[in-house]
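The values are calculated or read from the model by the stated rules, or taken from the named source; none is laboratory data. Note that the coordinates shown come from a computational prediction; the quantities given were computed from them, not determined experimentally. Reconstructed Cβ throughout: ideal geometry from the backbone, glycine too, with neighbour counts over all protein chains shown.
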Amino acid sequence: MTTHSATAIAHPNIAFIKYWGNLDHDARLPANGSLSMNLAGLETRTTVTFDPGLPADQLSVNGERLSGPKLARVSRLLDNVRRMADLETFADVHSENNFPAGAGIASSSSAFAALGLAASAAAGLQLDEQELSRLARTGSGSAARSIPPGFVELLAGESHAESYAHSIAPPEHWDLSDCIAVVSAEHKAVGSTQGHQLAETSPLQPARVADAPRRLELCRQAVLKRDFQTFAEVVEHDCQLMHAIMMTSQPPLIYWQPATLAIIQAVRAWREDSLPVCYTIDAGPNVHVLCPRQHRQTVEGKLREIPGVAQVLVAGVGGGARLA
Ligand code: PMV
């Protein structure tokens, strides 16, 4: 009986234009296209071992054995790999994040990108970037964007084949920094899988989705031209639109805390004062504050002075997922 093992590393990403809501929940086909950058320095490292001696898949994350829905979600991706590789063996999955477990940084993007790459390599498959991106998407939509390097767009195709991510510019194209103001390290009450399902209960979602191609094009051009002012305006607008959907879903999802709003207002004031900076927020209370690298120390220092900011993590633009 032989075991087959592989280890992969992937960075989480932060979306400038957000994915929120699915066309097809089961296949995780996103309702709208999205655009992000990978976060250098933050990473998930995952080892997958297919072992004929195992009676079932098993999972450990940061040294803790997990079961229930978390293991079931991992097994679903492994089932896709087993189907592709014509394999029936169960797998042992070990995953570690190098960013603080309690920092409240969404790790599903890096987690499912690293899992997809490690599992497919351990199964003997040689998938290209598009195939890996589709596979990662079946675990978590945003994970599709952690496969290619740098600045990455996820296409909202109408089928599994048409919905994958590709790089629009390499990491060195634009030296941006993400200063992540951690307001709360608590685990979010309603995760994004459930959130995507609630999106369609907001009467505002069709309008947000219909306008997404325009915002994507504005953001894509702003990134390609390194036009920070246009970038800042469209990134903040897109973030507000997603949170408007969340807040008007039934039941509503209100992720912000008082410090979240304090940071939003501070960032807007700093930009009016000529500091090139803007914010975006995922499905949680923490605020990602983006700026050109030369301003990151100033931004980091200012964020630390805001009451309620527990910690600031700083990341640059990261590469794609890779085998270790
Ligand atoms: O990949 P998921 O299912 O965790 O969804 C990601 C949702 C947001 O982080 C809020 C937006 C995005 O595009 O990353």
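Which of the residues belonging to region 180-211 are hydrophobic (A, V, I, L, M, F, W, C) and in contact (Cβ under 8 Å) with a residue 12 or more places away in the chain? Before the answer, list the steps.
So in region 180-211, the residues hydrophobic (A, V, I, L, M, F, W, C) come out as 180-183, 185, 189-190, 198-199, 204, 207, 209-210.
Within region 180-211, I180, A181, V182, V183, A185, V190, L198, A199, L204, V209 meet the criteria.
Any idea which of R304, R268 is surrounded by 15 or more Cβ atoms within 10 Å (Cβ to Cβ) and without any contact (Cβ under 8 Å) to a residue 40 or more places away in the chain?
Numbers: R304 fails: surrounded by 15 or more Cβ atoms within 10 Å (Cβ to Cβ).
None of the others qualify; the one that does is R268.
Counting only residues that are charged (D, E, K, R) and in contact (Cβ under 8 Å) with a residue 24 or more places away in the chain, how many does region 212-232 have?
Here the count works out to 3.
Looking only at region 153-171, decide whether some residue is of a type in the set (S, T, N, Q), assigned by TED's automatic domain parsing to the domain that holds P292 and under 21 Å from S110 (Cβ atoms). Don't jump to the end; show me each part of the working.
Going residue by residue through region 153-171, those that are of a type in the set (S, T, N, Q) are 159, 163, 167.
From what is left, the residues that are assigned by TED's automatic domain parsing to the domain that holds P292 are none.
For region 153-171, residues of a type in the set (S, T, N, Q), assigned by TED's automatic domain parsing to the domain that holds P292 and under 21 Å from S110 (Cβ atoms): absent.
Would a scan of region 30-41 turn up a residue that is within 14 Å of the ligand (Cβ to nearest atom) and under 15 Å from T193 (Cβ atoms)? Break it down stepwise before answering.
Restricting attention to region 30-41, the residues satisfying the condition of being within 14 Å of the ligand (Cβ to nearest atom) are 30-39.
Next, from what is left, pick out any that are under 15 Å from T193 (Cβ atoms): 30-31.
Yes.
Restricted to region 1-15, and to residues that are hydrophobic (A, V, I, L, M, F, W, C) and more than 9 Å from the ligand (Cβ to nearest atom), which residue is farthest from T193 (Cα to Cα)?
To start, the set of residues in region 1-15 that are hydrophobic (A, V, I, L, M, F, W, C) comprises 1, 6, 8-10, 14-15.
Now restrict to residues that are more than 9 Å from the ligand (Cβ to nearest atom): 1, 6, 8-10.
Values: M1: 37, A6: 27, A8: 24, I9: 23, A10: 21 Å.
Across region 1-15, the extreme among qualifying residues is M1.
Does region 188-233 hold any residues that are in a loop (DSSP other than H, G, I, E, B), modelled with pLDDT of 95 or more and out of contact with any helix residue (DSSP H, G or I) (no Cβ under 6 Å at 6 or more places or on another chain), and which are they? Quick ask: steps written out before the conclusion?
Let us first name the residues in region 188-233 that are in a loop (DSSP other than H, G, I, E, B), namely 188-191, 200-204, 226-227.
Now restrict to residues that are modelled with pLDDT of 95 or more: 200-204, 226-227.
Selection gives E200, T201, P203, R226, D227.
Going through region 76-98 one residue at a time, which ones are closer than 22 Å to I9 by Cβ, surrounded by 20 or more Cβ atoms within 10 Å (Cβ to Cβ) and either polar (S, T, N, Q) or under 19 Å from the mean Cα position of the chain (by Cα) (or both)?
L77, S95, N97
All but one of (1) of a type outside the set (S, T, Y); (2) touching a helix residue (DSSP H, G or I) at 6+ places or on another chain (Cβ under 7 Å); (3) within 16 Å of the ligand (Cβ to nearest atom) hold for D57; which doesn't?
Only one criterion is unmet by D57, namely (3).
Quick one: R73 ticks every box in (1) surrounded by fewer than 23 Cβ atoms within 10 Å (Cβ to Cβ); (2) more than 16 Å from the ligand (Cβ to nearest atom); (3) assigned to a helix (DSSP H, G or I) except a single one, so which number is it?
For R73, the failing item is (2).
Kindly provide the set of residues from region 189-226 that are of a type outside the set (A, V, I, L, M), surrounded by 15 or more Cβ atoms within 10 Å (Cβ to Cβ) and under 30 Å from S274 (Cβ atoms), ordered by number.
Within region 189-226, R215, C219, R220 qualify.
Within region 1-49, which residues are buried (at least 24 other Cβ atoms within 10 Å of the Cβ), of a type in the set (G, A, S) and part of a loop (DSSP other than H, G, I, E, B)?
Of everything in region 1-49, just one residue is buried (at least 24 other Cβ atoms within 10 Å of the Cβ), of a type in the set (G, A, S) and part of a loop (DSSP other than H, G, I, E, B), namely G21.
Residues are listed down the side, and each one gets a yes or a no for (1) in a loop (DSSP other than H, G, I, E, B); (2) within 16 Å of the ligand (Cβ to nearest atom); (3) of a type in the set (V, I, T):
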| site | (1), (2), (3) |
| --- | --- |
| A121 | no, no, no |
| Q126 | yes, no, no |
| G139 | yes, yes, no |
| C179 | no, no, no |
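Output the number of the condition that G116 fails; it satisfies all remaining conditions of (1) without any contact (Cβ under 8 Å) to a residue 12 or more places away in the chain; (2) within 17 Å of P12 (Cβ to Cβ); (3) not charged (D, E, K, R).
All conditions pass for G116, except number (1).
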